[in-house]
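Report on the following structure.
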Amino acid sequence: MLLLIQLNSDCNGFSSWLWPLIIAFILGAILGWLLSKILGNSNDDSSDYKQRYLDTKADLDSCRKNADSNLAGASILGASGLAAKTVTDNTVKDDLTKVEGIGPKIKGLLNDDGIWSWQQLSETTVDKIQEILDNAGPRYRIHKPDSWPKQAGMCARGEWDKLKIWQDEHKGGRL
C-alpha cells in the first residue's frame, strides 16, 4: 500500500516533516493493536503463572505440615527398605560422632539399625557393627569399629577425660 501525500508548495518547512510523523504514529498504533489481538494478551499468562505459583506454594506448605505430623510416630527404614525399630520420644539419642571414627554418615547407618545411644553402641558387638558397615557398601567396609563399643562405654559413663586421653593415644580410634 503506497500512500502519497502531496503537500502544497506554499507550506512552510514545519508541516513537511510533521505529516509523515503523524501518519507513521497512526500506522504504528494500528499495527500494535492488531498484533496484540492476534498474538493475545501477555498479562493473562502472568496471572496464570502467579496462580500456579500460589497453588504450588500452598501444596508445599501442606506437605510440610503433613511431614511434621508424620515424623512424630514414623518408623525408621533400614537399608533394605523394610521397617525397622520404631523410635519414640523417650528414646535416648546421643551424639555418636563423639566416638573416634564415627562421622555423620556412619551415625546415620547406626541409627537406621536402631542404635541411638552410647549405651546401645557399647552393648553392640564389633561383628554386628562391621556387618552394618559391610551392608552399607564398599565405602564403609574400610572402617574398623574395633574400639567403638569401648569408646561408647566411656561416653555412656561420662568418662570424658579418660575418653580424650584414649583418643589422643590411639590414632583414628584404632586399637
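Scan region 126-142 residue by residue and report those that are assigned to a loop (DSSP other than H, G, I, E, B) and closer than 14 Å to Gly103 by Cα. Working first, answer last.
So the first thing to find is which residues in region 126-142 are assigned to a loop (DSSP other than H, G, I, E, B), and the list is 137, 142.
Ile142 - this is the single residue of region 126-142 that is assigned to a loop (DSSP other than H, G, I, E, B) and closer than 14 Å to Gly103 by Cα.
Yes/no per residue for (1) buried (at least 18 other Cβ atoms within 10 Å of the Cβ); (2) in a helix (DSSP H, G or I):
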| position | (1), (2) |
| --- | --- |
| Gly101 | yes, no |
| Leu109 | yes, yes |
| Lys144 | no, no |
| Lys164 | no, yes |
- Mind checking which pairs have a first residue in region 95-121 that is farther than 19 Å from Ile165 by Cα and a second that is among the hydroxyl-bearing types (Ser, Thr, Tyr) and at pLDDT below 90, Cβ under 6 Å, 6 or more apart or different chains? Lys107/Thr97; Trp116/Thr91
- Residues that are touching a residue at least 24 places away in the same chain (Cβ under 8 Å) and more than 12 Å from Lys98 (Cα to Cα), drawn from region 151-171: His170
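The values are calculated or read from the model by the stated rules, or taken from the named source; none is laboratory data. No experiment lies behind these values; they were computed from the predicted model shown. Counting neighbours? That spans all protein chains shown, and the Cβs are built from the backbone with ideal geometry, glycine included.
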